[in-house]
Amino acid sequence: MKTVINGSLCVCIGILLLTGCAATNLQYDLPQATNVAITDLKIAVAHPEAKRQPNKDVDKMWANEPSEEMQEVIQGEVKSTGLFRETISLAKDEEPHDCQLILNTSLKELAWEIPNLKAQEGKMLVISALTGGLGGLAYGSGSTDFYGKAKMHIILKEMATGKVLIDKEYSSRVAKKMARLKTDSYEQRSKIIGEAVKQVMNEFKIDLDRVIERDMK
C-alpha cells in the first residue's frame, strides 16, 4: 500500500511540475489590419521600455523578453485602427525619420495572479499524501480565481512640435474561474496576460481615435 500511495503522489506532483515547465511566448490574437487609411499620417512605434518589477514566477515563463513581442502587438493594434497611412516599427534606440507621430510605451506590469496560491498548492499536496494522489487530483480539478494584469504608460507625440497628444497610464485586470491544474500551464498564464493587454489596447485605441479625429485630420 505504501508503494501505491507514493507512486500516486509522485504522479500528482509530476503533473503540477510538468504542466508549466515549457517556456512560452505572449499569447495574443492580433486584429486584422486594414488597408484603407483615413489620414495620410505616418506613425513610428518605438521599442517598448521594460519598467516591470521583477517577478520570478512570471519572468521564468517567457521564451523571449516580453518587450520584444509587445512591440509587434502595439504595432498590429495601431495598424488595425485604419488611422494611418503607414506604421513603422523602430528598433531599440532607433530614431524615427519622416514620421508625423511617435508612440512610446513603458511596460509597467505584465502578470498573472492566483490568490492564496501557496496555500492551495500546500493543500493539494497534503490531500495527495493522505489519499494516494487521487484526492489531490480531484482537488486540482476544482476551480480557483485566476487573474491577468497589465499596466502600460503610453505617450503619443507630434514629431515636428513635440506636442503631447496622449500621456496616460493604462491598466487592466482580467478575472476568470479555472481548474487549479490548468492554471499551472505557462500557456494559460500567458493567455490571461494577453487578455489583460488586449483590454489596455482597446482603451488606448479609443483615445487614439479621439485625438487623431480631433487634432490631426
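The values are calculated or read from the model by the stated rules, or taken from the named source; none is laboratory data. All values derive from a computational prediction rather than experimental measurement. Cβ sites come from the backbone with ideal geometry, for glycine too, and all protein chains shown count toward neighbours.
A few notes on this one:
- Taken together, Leu156, Leu130 contain a single residue that is among the hydrophobic types (A, V, I, L, M, F, W, C), more than 18 Å from Trp112 (Cβ to Cβ) and at pLDDT below 85, which is Leu130.
- Odd one out for Met201, checked against (1) within 23 Å of Lys108 (Cβ to Cβ); (2) in contact with a Gly (Cβ under 7 Å, 6 or more places away or on another chain): (2)
- Among the candidates Val36, Val45, Val58, Val78, residue that is modelled with pLDDT under 95, more than 21 Å from Gln188 (Cα to Cα) and among the β-branched types (Val, Ile, Thr): Val36
- Residues that are assigned to a strand (DSSP E or B) and without any contact (Cβ under 8 Å) to a residue 24 or more places away in the chain within region 79-116 are absent altogether.
- Inside region 99-119, residues that are over 22 Å from the mean Cα position of the chain (by Cα), at pLDDT 95 or above and of a type outside the set (A, V, I, L, M, F, W, C) make up a count of 1.
- Some residue of region 162-174 being crowded, with 16+ Cβ neighbours inside 10 Å, within 30 Å of Pro96 (Cα to Cα) and either at pLDDT below 95 or of a type in the set (Gly, Ala, Ser) (or both): yes
- Among the conditions (1) small (Gly, Ala, Ser); (2) outside any helix (DSSP H, G or I); (3) under 23 Å from Ile38 (Cβ atoms), the only one that Gly76 does not satisfy is (2).
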